[in-house]
Amino acid sequence: MNSTEVAQYERDGFLVLKDFVSPEACTALQARAEELVREFDPAGVVSIFSTHEQTRTSDDYFLGSGDRIRFFFEENAFNPDGSLRQPKVRSINKIGHALHDLDPAFDAFSRAHEIRRLVADLSINDPLLLQSMYIFKQPNIGGEVTCHQDATFLFTEPLRMAGLWFALEDATIENGCLWAIRGGHKLGLKSRFIRAEGGGTRFEVLVRWP
């Protein structure tokens, strides 16, 4: 990153770096994710990812995925009888959350020299890889990812966290690209996602959204 890009990132809270990852690397990660889904046996696993009802759908399978590779289905993926509405490969919302540690392909990508340089340019000292996800944007299924702050779910003290998102294929407004609020990183943390007393999870609201 040059000084102009660093300044833009610090001002806006996000930065788009075009062609950061080679087409070959993108294709390799897509192929590996498809392989993981093919090998995944969904028998007995009905964990649905939803940002609309995060506390309801955050089951033990989800909460215990920090050091595992686990698979989460789209909203409305299942029929009332428990069968999938469409093929498994078109029903998965995401794979998470320890791909960077447990899968060789994602491990190599996550620790590539280019990413090390990028994190260094952001002046992040002693970086820690905390979480990784492979997110699908399936056709004709799934729910909207509502406006949120990543630090709500990945809280640190001091609050120093950066997310790196890689579009493995063209991402547009029409097919579900990532949105960001310019300057949102300066507005303060709005809420925290925490474990509730007696089990389950809840949101601790710190500041109401305007």
Query - When residues of the stretch 163-180 are limited to those that are among the hydrophobic types (A, V, I, L, M, F, W, C) and in contact with a helix residue (DSSP H, G or I) (Cβ under 9 Å, 6 or more places away or on another chain), the one farthest from ALA151 (Cα to Cα) - result: LEU168
Requested in this report: Check whether at least one residue in the stretch 98-116 is under 28 Å from ARG202 (Cα atoms), out of contact with any helix residue (DSSP H, G or I) (no Cβ under 7 Å at 6 or more places or on another chain) and modelled with pLDDT of 95 or more, and report yes or no.
Outcome: yes
Query raised in the report: Is it fair to say ILE124 is closer than 27 Å to GLU74 by Cα and hydrophobic (A, V, I, L, M, F, W, C)?
Result: no
Query raised in the report: Which residue, of ASN140, ASN175, is closer than 30 Å to ILE115 by Cα, over 15 Å from the mean Cα position of the chain (by Cα) and surrounded by fewer than 12 Cβ atoms within 10 Å (Cβ to Cβ)?
Result: ASN175
Query raised in the report: Of all residues in the stretch 33-84 being in a loop (DSSP other than H, G, I, E, B), under 23 Å from GLU169 (Cα atoms) and charged (D, E, K, R), which is modelled with the lowest pLDDT?
Result: GLU75
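What tally of residues in the stretch 152-210 results from selecting those that are of a type in the set (Asp, Glu) and either closer than 23 Å to ARG11 by Cα or at pLDDT 90 or above (or both)? So that I can check it myself, show each step before the final result.
Applying the first criterion (of a type in the set (Asp, Glu)) to the stretch 152-210 yields 157, 169-170, 174, 197, 204.
With the extra rule that they be either closer than 23 Å to ARG11 by Cα or at pLDDT 90 or above (or both), the set shrinks to 157, 169-170, 204.
Matching residues across the stretch 152-210 total 4.
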Query - Cβ-Cβ under 8 Å pairs, at least 6 apart or on other chains, the stretch 194-205 side exposed (fewer than 11 other Cβ atoms within 10 Å of the Cβ), far side at pLDDT 90 or above - result: VAL205/LYS190; VAL205/SER191
Requested in this report: Determine if the stretch 81-98 includes at least one residue that is among the β-branched types (Val, Ile, Thr) and either touching a residue at least 60 places away in the same chain (Cβ under 8 Å) or at positive phi (or both).
Outcome: yes
Report summary line: Pairing a residue in the stretch 124-140 that is farther than 19 Å from GLY64 by Cβ with any residue that is part of a loop (DSSP other than H, G, I, E, B), where Cβ atoms lie under 6 Å and the two sit 6 or more apart in sequence or on different chains, gives LYS137/GLY176; GLN138/GLU74
Requested in this report: Consider only pairs whose beta carbons are under 6 Å apart and that are at least six residues apart or on different chains; among these, list those whose first residue lies in the stretch 56-78 and is within 11 Å of VAL45 (Cβ to Cβ) and whose second residue is at pLDDT 85 or above and of a type in the set (Lys, Arg).
Outcome: PHE72/LYS94
**Report entry** Contacts under 8 angstrom Cβ, first residue in the stretch 162-186 being over 17 Å from PHE20 (Cα atoms), partner of a type in the set (S, T, N, Q) and assigned to a loop (DSSP other than H, G, I, E, B), 6 or more apart
**Finding:** GLY184/GLN149
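The values are calculated or read from the model by the stated rules, or taken from the named source; none is laboratory data. Everything quoted here is computed from the prediction, not taken from an experiment. Neighbour counts run over all protein chains shown; Cβ positions are idealised from the backbone, glycine included.
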